[in-house]
Amino acid sequence: MNQLDLNQKHAVITGGAQGIGFAVATRMLKSGASVALWDMDAKRLDQTRAELSALGKVTTHVLNLTQLDQVEQATAQTLAQHGQIDILVNNAGITGGNAATWELDPKVWREVIDVNLMAPYYVCRCVVPHMISRNYGRIVNVASVAGKEGNPNASHYSASKAGVIALTKSLGKELATKGIMVNAVAPAAAKTAMFATMTEQH
């Protein structure tokens with residue numbers, strides 16, 4: 001594994017208890033960063049902290065990312081514990097299952113939009129002003145190839161991830177002169193717990 005230089009850097013990773021978020025946290029810790037893991041799965045967060053603490057400083061924060069007040073509280077707690085936030089990885093997400101657009105439950109559609117698009121917006125709303133005050137920041141939003149292509153039987157997920165890509169482009173331009181870089185990655189399928197929520201046919 002090539003070594004990154006993240007010494008003295010402090011990262012927030014949403015959905016950091018498992019899957020891609022866990023892998024990102026592991027890599028950052030091995031590269032010298034401290035990490036704050038934001039997730040709603042308290043039990044899994046405890047397990048993850050126990051696994052990763054030997055690699056460096058790990059704090060965990062249990063919250064619902066779709067609730068702005070909880071995101072504000074987690075931001076304040078993280079700043080108190082880490083002193084600063086240099087890196088933000090908006091990774092948390094859900095698939096919402098698979099069905100044709102006209103068959104999807106509107107409540108499920110809204111939940112996917114809330115978790116996959118509203119939550120990254122809330123997190124950026126809370127974290128970005130701190131980065132601006134320091135004239136430094138690195139933000140990575142985890143989108144999906146579905147946001148580029150529009151996967152059949154996943155219109156809610158595809159629309160949410162297309163929104164993440166557009167959010168990234170807008171935010172990146174807004175912050176281009178403030179020492180803050182904003183990028184998105186668009187993975188295809190990865191064998192994680194979320195992957196298991198999709199049908200074999202999909």
> Considering only residues of segment 143-156 that are of a type in the set (A, V, I, L, M, F, W, C) and in a helix (DSSP H, G or I), which is surrounded by the most Cβ atoms within 10 Å (Cβ to Cβ)?
Replying inline: A146
> Being under 15 Å from H156 (Cβ atoms) and touching a residue at least 12 places away in the same chain (Cβ under 8 Å), is that true of even one residue in segment 67-82?
Replying inline: no
> So which residues in segment 116-172 are polar (S, T, N, Q) and closer than 22 Å to D39 by Cβ?
Replying inline: N116, N141, S144, S160, T168
> When segment 157-188 is examined, which residues are found to be part of a helix (DSSP H, G or I), crowded, with 18+ Cβ neighbours inside 10 Å and β-branched (V, I, T)?
Replying inline: V164, T168
>> Take T59 and tell me if it is among the hydroxyl-bearing types (S, T, Y) and within 20 Å of P120 (Cα to Cα).
In response: yes
> What about V112, is it of a type in the set (V, I, T), open to solvent by less than 50 Å² (accessible area, probe 1.4 Å) and more than 27 Å from Q8 (Cβ to Cβ)?
Replying inline: yes
>> What's the number of the only condition in (1) assigned to a helix (DSSP H, G or I); (2) open to solvent by 30 Å² or more (accessible area, probe 1.4 Å); (3) under 22 Å from M28 (Cα atoms) that V140 fails to meet?
In response: (1)
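The values are calculated or read from the model by the stated rules, or taken from the named source; none is laboratory data. Note that the coordinates shown come from a computational prediction; the quantities given were computed from them, not determined experimentally. Cβ: placed from backbone, ideal geometry, glycine included. Neighbour counts: every protein chain shown. The protein model used for the area step is the full one, side chains on, heavy atoms only, and it has no ligands, DNA or RNA in it. Shrake-Rupley method; radii C 1.70, N 1.55, O 1.52, S 1.80 Å.
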